[in-house]
Amino acid sequence: MSDLLGMVRRHWWIVALLTVFGVVGAYEVTARQPKVYESATSVLVQPTGAGQDTNVSGGRTKGEINLDTEAQLVRSTAVATDAAKLLRAESVPPDTLAANVSVEVPANTSVLVITFKAGGAREAQAGSHAFAEAYLRNREETAANELAEQIATIDGKLKQLNAALAPINARLASLRPDSSERPNLESQRSTITAQVNTLSARLNQLVTTTVSAGKIIRDANLPDRPSKPVLPLNLGSGAAAGLLLGAGAAILRERLDRRIRRPDDLTRRCDVSVLAALPPKVRPRLDDVFPPFGAGGRVFNRLRNEVVAGAPKTEGKGQVIVVAGASRGSASTVVAANLAAAFARTGGQTVLVCAHLPDSVAELAPVTRLLGVRAVPGLSDVLAGKVALGRAVQRASRQPRLSVITTGGTASAAGLLQSQMLRDALTALRRQAEYVVIEAPATSTSADAQSVASLADLALVAVELKRTRYADVSDAAEQLRRVGTPLLGAVVLPRLVRHHDEPPPAPARALDDEDEALDLDEEESEEDTSVADADTVVMKKVGARKKPRKAPATNTSAPR
């Protein structure tokens with residue numbers, strides 16, 4: 001559930017947009033729907049004859065009245081035909097009128113609530129009253145006909161009994177008092193007389209009975225507003241439908257989106273552990289490394305401890321850690337620079353090697369601005385044979401224990417990261433520094449990252465949220481696995497965006513007198529310098545960092 005809610009939260013604008021569309025669509029549908037008015041008439045149902053029980057039990061009358069049956073009679077064809085005559089709508093089929101009628105029986109009552117629906121208020125009122133009147137008339141006529149049939153039946157039986165009684169009376173009048181037939185005839189006369197008296201009493205009761213089918217206790221009202229469509233209900237339904245569609249669209253977009261949006265996705269979908277992740281509120285700095293006691297600095301200090309604990313132990317050699325980006329961008333630059341600064345703050349000699357060649361990706365956060373060093377000479381110049389390794393090593397002005405080898409300015413050095421010169425350079429750096437951090441190109445753009453990683457002790461993958469894809473991270477882990485370099489984990493950064501308040505890249509720093517003298521000495525012996533000579537120069541420049549040196553002066557001269 002938390003994952004689903006997180007997907008909806010990350011794509012909240014889709015949910016909000018579809019919810020608004022649902023509300024607007026419901027409003028449009030409501031406006032286009034025909035208006036329906038309803039009017040109700042309450043009818044009290046009474047027994048049609050005297051002596052019948054009018055009590056109710058469970059909402060239904062006992063005796064001869066069944067309100068469920070009466071409710072169905074209201075919608076019968078006979079009642080609909082009489083209602084059409086009252087409405088003067090004989091041209092309308094009775095079934096069409098009956099379809100607009102609904103009947104309800106309130107609990108524990110003998111009342112029928114007859115509701116009629118129409119397109120106008122007065123039509124609904126007239127229809128409800130007409131069906132109530134037609135129902136009562138139909139019920140009264142039916143009761144009167146039944147009463148007349150009962151009277152006629154009893155009257156016929158009385159005539160038959162009187163006709164049978166006359167011969168018996170005549171026979172008794174002609175017999176002698178002591179005749180043996182007299183007792184039998186008197187018995188027959190008594191039986192017939194009793195029947196005549198009973199039927200006569202019943203006939204008198206029926207003749208005096210008043211037929212009352214029921215009455216209207218609340219006449220149809222004139223509705224002041226339509227019952228349908230219900231605007232609040234439709235708007236709520238539209239909002240609910242839009243919310244569900246928005247949630248579904250957000251989840252579908254999340255599933256189809258192959259970009260990494262949060263650190264947990266790496267462990268769950270790429271099987272790569274997360275060593276460190278900058279909080280979303282910490283904006284990666286593109287003009288300097290994170291201060292040691294800030295939020296970003298604490299993250300990289302913990303990352304440094306993780307790397308030290310996971311690095312293999314080698315006697316007399318420095319540790320080589322390669323930081324490769326999983327996708328195009330400068331995430332590896334930010335991670336490598338801050339990790340190297342974290343190593344340097346522990347007091348050990350650290351060298352940052354920028355193997356992210358300028359022709360592989362447009363740099364957003366170059367090391368020259370992050371650490372305050374010159375852009376040239378650099379690694380590409382060394383690999384191209386233009387300068388010696390010692391001349392490319394620079395001291396970071398804001399990190400005394402950190403030396404930097406920038407990318408360099410030789411664009412034609414692409415492909416030289418697989419050369420023996422890089423191996424010799426890293427061998428020389430291992431002897432002089434405790435930690436060598438290599439900023440490698442992205443694994444998704446070239447094979448140089450895999451070549452550089454083969455020379456390192458362990459590797460880290462820099463992941464930029466909302467830019468790096470799952471396939472890129474999986475491919476990076478597979479490339480490192482194939483060359484045998486242990487992948488310690490991933491470092492996750494928010495998406496790097498240059499803001500308007502950030503300064504442009506600083507110009508190259510001018511050389512001071514000491515650097516200029518060193519460059520001149522190296523230029524004189526550059527043609528005769530071998531790998532051993534390069535090691536000597538590196539020892540001179542890296543080892544001399546133990547004593548602090550004043551920051552070089554800057555001027556507006558052109559970059560070297």
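Note on region 175-224: among residues that are open to solvent by 70 Å² or more (accessible area, probe 1.4 Å), assigned to a loop (DSSP other than H, G, I, E, B) and in contact with a strand residue (DSSP E or B) (Cβ under 8 Å, 6 or more places away or on another chain), the one that is farthest from Glu140 (Cα to Cα) is Leu222.
Can you find a residue in region 1-19 that is in a helix (DSSP H, G or I) and under 30 Å from Ser102 (Cβ atoms)? There is no residue in region 1-19 that is in a helix (DSSP H, G or I) and under 30 Å from Ser102 (Cβ atoms). The condition (being at pLDDT below 75 and open to solvent by 60 Å² or more (accessible area, probe 1.4 Å)) is satisfied by just one residue among Glu28, Glu64: Glu64. For region 289-336, taking the residues that are free of Cβ contacts under 8 Å to residues at least 60 places away in the same chain and among the charged types (D, E, K, R), the one that is farthest from Ala462 (Cα to Cα) is identified as Glu315.
With respect to being more than 15 Å from Asn338 (Cα to Cα) and modelled with pLDDT of 85 or more, Val274 fits the description. You will find that of Ala152, Ala144, Ala83, Ala99, the residue that is more than 26 Å from Pro34 (Cβ to Cβ) and modelled with pLDDT of 90 or more is Ala152 and no other.
Is it the case that some residue within region 138-150 is over 30 Å from Val92 (Cβ atoms) and without any contact (Cβ under 8 Å) to a residue 40 or more places away in the chain? Looking through region 138-150, at least one residue is over 30 Å from Val92 (Cβ atoms) and without any contact (Cβ under 8 Å) to a residue 40 or more places away in the chain. From the list Ala476, Ala456, the one residue that fits, being open to solvent by less than 10 Å² (accessible area, probe 1.4 Å), touching a strand residue (DSSP E or B) at 6+ places or on another chain (Cβ under 6 Å) and at pLDDT 80 or above, is Ala476.
In summary, no helices (runs of 4 or more DSSP H) completely within region 415-494 bear 3 or more residues that are touching a residue at least 24 places away in the same chain (Cβ under 8 Å) and at positive phi. Cβ-Cβ distances below 9 Å connect the following pairs, each with a first residue in region 25-42 that is in a helix (DSSP H, G or I), a second residue that is modelled with pLDDT under 90 and β-branched (Val, Ile, Thr), and a separation of six or more residues or different chains: Thr30/Val230. Lys157 passes every criterion in (1) more than 30 Å from Leu5 (Cβ to Cβ); (2) outside any helix (DSSP H, G or I); (3) in contact (Cβ under 8 Å) with a residue 12 or more places away in the chain apart from (2). Residues in region 120-148 that are small (Gly, Ala, Ser) and either buried (at least 21 other Cβ atoms within 10 Å of the Cβ) or under 16 Å from Gly214 (Cβ atoms) (or both): Ala124, Ala126, Gly127, Ser128, Ala130, Ala132, Ala134, Ala143, Ala144. Cβ-Cβ contacts under 7 Å between residues 6 or more apart (or on different chains), taken from a first residue in region 243-259 that is in contact (Cβ under 8 Å) with a residue 24 or more places away in the chain to a second residue that is of a type in the set (Ser, Thr, Tyr) and in a helix (DSSP H, G or I), are listed as Leu243/Thr19; Gly246/Thr19; Arg258/Tyr470. Within region 225-243, the set of residues being in a loop (DSSP other than H, G, I, E, B) and among the aliphatic types (A, V, I, L, M) comprises Val230 only.
The values are calculated or read from the model by the stated rules, or taken from the named source; none is laboratory data. For clarity, every value in this text was computed on a predicted model and none was experimentally measured. As a convention, Cβ positions derive from the backbone with ideal geometry for all residues, glycine included, and neighbour counts pool all protein chains shown. Note: areas computed on protein heavy atoms with side chains; ligands, DNA, RNA excluded. Shrake-Rupley method; radii C 1.70, N 1.55, O 1.52, S 1.80 Å.
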